[in-house]
Each structure stands twice: as structure tokens, then as C-alpha cells.
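Here the structure comes first, spelled out in C-alpha cells, and everything after it is commentary.
The values are calculated or read from the model by the stated rules, or taken from the named source; none is laboratory data. This one's a predicted model, so the numbers in the text were calculated from it and none came from an experiment. Here Cβ is always computed from backbone atoms with ideal geometry, including for glycine, and neighbour counts include all displayed protein chains.
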Amino acid sequence: MSETAAPAGTLLEIRNLRVLYEVRGAKAPAVDGVDLTLRPGEALGLAGESGCGKSTLALACLGLLPRNATVEGSIRFQETEVIGAKPGRLRALRWAGISMVFQGAMNAFNPVKRVGDQVIEAILLHEDVSRSEARSRMQELFEHVGIAPRRAGEYPHEFSGGMRQRVMIAMALACDPPLVIADEPTTALDVMIQAQILNLLAQLREESNIALIVITHDLSVLAQVTERVAVMYAGRIVEEGAVSDLLITPRHPYTRALVGAFPIVGDPASRGVPAGLPGDPPHPEARPSGCAFHPRCPAAFEPCDSIDPVLERHGQRLAACHLVAREEAR
Amino acid sequence: MSAQTTRSGRAVRRTRRIQAFKTSASLFARNKMGLAGLVILTVFTLTALFADVLVPEARLSVINAPGTPLEPPSAQFWLGTDELGRSVLDLVIQGSQISLLVGFLATAISMVIGALVGITAGYFGGWTDVILMRLTDWFLVIPFLPLAIVLAAILGRSLFVIALVIGVTTWPATARVVRAQVLTLKERPYVERARALGAGDRQIIGRHILPNVSPLIFANTILIVALAIYTEAILSFLGLGDPFRVSWGSILESAFTEGAISLGAWWYLVPPGLCIVLVVLGFTMCGYAFDEILDPRLRDR
């Protein structure tokens, strides 16, 4: 990783980010040294199992981490350093700069307020417009995501899961942010609706050139909407590369296991029982020595339990793995 | 853009408000229990408002009472007369003023303090919570009636003192319930979403927390109206009420001291007691109905 300043045309630059949660007096790293760069309009996928630090990373970008979290490193969004920014600066950045599509849209709405008013709230918080202007903007947004504007007067419980997610996306677009973070945007939706939501995201991105970070454990989601994927394990990025490349020829054993967990249409070998990976990701308080993945790694060998692999560039791919390094050395 | 944008924001807002009011009103009208409660309360409130017109002060004169002492109900005195020959109906009508006023005033005081303390403690947590909750505990363990009696004795027998005492001693229950609810509300994803929107504390409390706890505050404090009317009656019955004004409690007190029970003068005792029960019932029924109307999820069930 170069130590030079962010090159022009960088939207988001994360350098050596560490997030530590204080649990019973001890500090456990949930994100442990992550570097990421995002250009304007680029779509990046963040993949990994539950508890590998994906959502923590997203929340850190908005400065929304709970009080027991300590953040180290740097997150630069456009000209703003997010870490240590004053509350007022952060509030201005939220939604107008980086907005978020939340996991499980059913809970991300206030049940006692009309959905349209909740979208208007977002606009009024950041823009000096009259209520009626905000209202007409809200109606345009609703149309844009495929919901009849007359339904804006309804309450969240009157919407289906897919429609709520559409409203959530409309809300995310309310202030024309340069970056949208979608945290598990399709979890708890059925496959048909999932496809619709993903198409919508891809279409909106093409139209308005917003950058997108999609966080998911479902790699098939990433294939549809992103260009680049970073795979996280135990708070670190273990492999990063172009989405088509990475999904077809995963190099890191963990990525291979993730890819292998989903059946591929047209591939008889992947039918039936998808290949699973036994074990759980390590708890942040008890990180294994060497490579954090070695206790579960089917291909672990001699240096894996003692030497921590660093993220290295192999052609178009970044990987943190002794096995990949050895294969490359040959 | 549709033609709607050419209308002014104010006009749009007004039609929306009228619409919202109509929806709530029709929901209330369909709720039989709420409607019954509302009718009871409206009758009593109107009576209280026009008490001075309905009952000229001369008719309550102690010296020139219109009837003879303790007359049973007749065409002239529908509810009979008291020991001085005044019409009990006149007394009950006049008494509604004080009883209702104390009820509303005490409830307003209790509601404001309880909601403010509960929301602040629950939302901000930490030391604010600890200090406010210990204060709440302190008020919670103060024996209510003795304090009311002592304060009424020290501060003088006035309407406002009674309301103040009731308000100041009843808010802890509301504060505790509200705090508990706020604790769960502030962890809801939509509050996090509001924070991600860039909303500040004031915005989150006002727009997201308050609308969600208001049915709770309402349901809790509406019962305080009942308690306040009771307490006023108790204090008046103990002779600590405002001696210059008639209330339902003071009617009961004089009925008791004049021995209405042993004289068989039921018309002296029953009406004020019945009024207290009816008003309390009205408030309780309205409380339940409002609970349903304010929470969109409970509608249509």
C-alpha cells in the first residue's frame, strides 16, 4: 500500500482502519487494519460471514459506531476526514454525502409515521427547501423506484417487504448523495423481489453515477450490481478483485469456500448439497495466531499458524494468503 | 412534475390536516366505547363551563336558601336539598367546575414532568439517567396522601395547591414507564436510520421517540385525571379543600358531617359520588379509544 496522498478522483479512502469494541474491559478489534479506495461512481461489494466486520466498517464511514467503540486510522470522504470529525460536520455529511440502505427495511421505518413523511424528513434535514418542494421531490423519488406516489400517505405496515425496501432506496437517494452504502439490501426478501431490488440498484447507479458499497454474505448479489469485491474475514480484507474474475477463480481458500457455498445454475456438480465450511469465524477477542483463517482452512500448511499473511498484489488481484503467495512464486 | 406542485405548500398542508382530522374523527366515531366516553365528558365539560349561567350565585346563598333543609327529590328540587335548603343539583353543577379543573390541571403538571424526565433519562442514559431515576425513586416513595395533607395545610387551601400537590406526586409512575419504553425505542433501527440521516437529538426525540411514546403517556396520565378528582374529593372530605368553593368532594364532606347517611338522605350522598365515578369512567374509556387511534397498527382490528 502506497503512503502517498489520495489520488485525484478518489471518493472514499480508508487507510489502516481499526475499530475496537470494548467488551468487559478488554478491547476486541472488529475491524483490524482495512484499506479501501473507492472512485466516484464505482460499485464495490463487501462480502463475508456474519461477524467479520462488514457492518462495523459501514457504520464507521458514517461515524455511527456505538460509544464503546474506538476507531483508529483514517477514513477520508471527498475532502472530509470522518474520524474525529465534529458532530455538526458529521451530521452534514450523513445522508447528503453518504446515505445508507439498511438491513431489514421493515424495522428501519418509524411505524407511527407515514412513509412519505419519513422521506421528506431526510430532504428537509439537509436542504433548505420548502415542505411542498420536498413533497414533490419525494413523489418523484417514489415514481423513480416504482411506487405509486399516492401510497406515500400510508404507514410502513401497509407495505410489503419489497416495497419497503424500494422506499428505503428512495430515501437513500433523497439528497443525491455521491455514495450509497447498502447493508444486506436483499436479506429477508424472496428471490424474485431480490432480483427486482438488485436491478433497481443497478439501474439507479447507471442513471445517476452514484458510487455504491454493497455489504452482503450472498455473493450472487454482488455479481449483479458490483464491479469489484473485497472479501472480509475476522476484520480484515483477505481477497480483493474484479467481481467476474473473483467469483469464477477465487484464490483465497476462504473465498473459495464462500463461492462453493452457492450452487451455480447450469453446473450439475454444484447441485444437491452445497459445500459448507465447518466452524465459525473467530471471536474478535480470541484471534488465532498467524493467519486468522488457518484453523478452518482446508489447505493450511506450515507457516499458516505462525506467520500472519499480508495483503499482496498478485496481478489484478489482492490476496492475503500464504498458499496464493506460494502458487504465485512458482 | 404534476399540477400538484403549483399549489402552495400551505394549501396542500391544510387539505392534508383536514383529511387527517376527518380520518381520526371517523375512527373515533366508529369506536363505541370512545364515543360513549366522549359524550360523558362533553356533557360534564359543558356543564362545568356554563355552571355560572345554569346556577346563579344567589341560589347557592346560605342565608336565603330556596328550600327547606333536607327535602327529598321533588319537581322543584330534582335531587332534593342539603341541610341548608340549597338544591343538591345546583351544588353538583357548581362542584363540577372545581373537580374538573383540578383534574385537568394536575394531569397537565404530571404529564409534562413525567414525560420530560422519562424521555430525558431513557434517551440520554448514563449519569443523566442515574440522577433522574434516583430523583424519581425519591418522589415515588413519598407517601402521597400525608404529603398532600401537609402541603395543603402549609400552602393554604387553594385549588392550585391541590393540583400542584397531585401533579408533583404522581409523575414518577409515568416517568418510569416512559423511560422503559424509550430505552427500547432508542435501539430500534429507525432511530439509527434517523441518526444516519444526520438528525440531531432534538429531531430524534421530537420526531421519532415522542410520537411512539405519546399513546403510553396518554394512557398513563388519563388515569391521573381520575386520581386527581378522587384526591380533591379526599382532601375536601378531610376539610382541606378550598372552603369558599363547592366541589364534589366538599359536598360529600358536608353530607357526611350532617349525618346524611343516618338520616336516610341518599339524594345528598349519591349524586356527587356518581358524578365522580362517571367522569373517571369517561376518561378511562376515552383513554382506551385514543390508544387505538394514535397507534395506526391497532386500527382495523
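Listed values, structure above:
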read-out: Residue that is surrounded by the fewest Cβ atoms within 10 Å (Cβ to Cβ) [pool: residues in segment A:55-82 that are acidic (Asp, Glu) and either in a strand (DSSP E or B) or at the interface with chain B (Cβ under 10 Å from one of its Cβ atoms) (or both)]; value: A:81
read-out: Residues within segment B:161-201 that are within 14 Å of chain A (Cβ to nearest Cβ) and either at positive phi or under 17 Å from the mean Cα position of the chain (by Cα) (or both), tallied; value: 1
read-out: Meets criteria (of a type in the set (Val, Ile, Thr), closer than 20 Å to residue A:198 by Cβ and not assigned by TED's automatic domain parsing to the domain that holds residue A:200) for residue A:169; value: yes
read-out: Cross-chain or 6+ apart pairs with Cβ under 7 Å, segment A:84-104 first and more than 9 Å from every other protein chain (Cβ to nearest Cβ), then assigned to a helix (DSSP H, G or I); value: A:101/A:168; A:101/A:169; A:101/A:172
read-out: Segment A:185-202: number of residues that are surrounded by fewer than 19 Cβ atoms within 10 Å (Cβ to Cβ) and either closer than 25 Å to residue A:133 by Cβ or among the charged types (D, E, K, R) (or both); value: 1
read-out: Search result, residues across segment B:262-301 that are among the small types (Gly, Ala, Ser) and either under 19 Å from residue B:25 (Cβ atoms) or at pLDDT below 85 (or both); value: B:262, B:264, B:265, B:282, B:287, B:289
read-out: Single residue of A:43, A:47, A:85 found to be in contact with a helix residue (DSSP H, G or I) (Cβ under 8 Å, 6 or more places away or on another chain), buried (at least 16 other Cβ atoms within 10 Å of the Cβ) and farther than 29 Å from residue A:218 by Cα; value: A:85
read-out: Of all residues making up segment B:134-149, the number that are assigned to a helix (DSSP H, G or I) and either among the hydroxyl-bearing types (Ser, Thr, Tyr) or loosely packed, with under 13 Cβ neighbours inside 10 Å (or both); value: 6
read-out: Among the residues listed as A:133, A:121, A:140, A:158, the single one being without any contact (Cβ under 8 Å) to a residue 12 or more places away in the chain, buried (at least 18 other Cβ atoms within 10 Å of the Cβ) and not assigned by TED's automatic domain parsing to the domain that holds residue A:42; value: A:121
read-out: Complete set of residues in segment A:275-308 that are in contact with a strand residue (DSSP E or B) (Cβ under 8 Å, 6 or more places away or on another chain) and either assigned to a strand (DSSP E or B) or of a type outside the set (Asp, Glu) (or both); value: A:281, A:283, A:284, A:287, A:292, A:293
read-out: Restricting segment A:57-114 to residues that are in contact with a Leu (Cβ under 7 Å, 6 or more places away or on another chain) and of a type in the set (S, T, N, Q), the residue that is farthest from residue A:177 (Cα to Cα); value: A:70
read-out: Residue B:215 vs. criteria crowded, with 18+ Cβ neighbours inside 10 Å, within 14 Å of chain A (Cβ to nearest Cβ) and not in a loop (DSSP other than H, G, I, E, B); value: yes
read-out: Filter pass, residue A:191 being out of contact with any Ser or Thr (no Cβ under 8 Å at 6 or more places or on another chain), over 22 Å from residue A:38 (Cα atoms), β-branched (Val, Ile, Thr) and away from every other protein chain (no Cβ under 14 Å); value: yes
read-out: Qualifying helices (runs of 4 or more DSSP H) (wholly inside segment A:151-230; at least 2 residues being more than 16 Å from the chain's Cα centre (by Cα), within 25 Å of residue A:114 (Cβ to Cβ) and not acidic (Asp, Glu)); value: A:161-172, A:191-208
read-out: Some residue of segment A:133-143 being among the aliphatic types (A, V, I, L, M), within 10 Å of chain B (Cβ to nearest Cβ) and in contact with a Pro (Cβ under 6 Å, 6 or more places away or on another chain); value: no
read-out: Hey, residue B:68 part of a loop (DSSP other than H, G, I, E, B) and not acidic (Asp, Glu) or not; value: yes
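A quick yes/no check of all residues on (1) within 20 Å of residue A:94 (Cβ to Cβ); (2) in contact (Cβ under 8 Å) with a residue 60 or more places away in the chain:
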site	(1), (2)
A:22	no, no
A:37	no, no
A:44	yes, yes
A:50	no, yes
A:66	yes, no
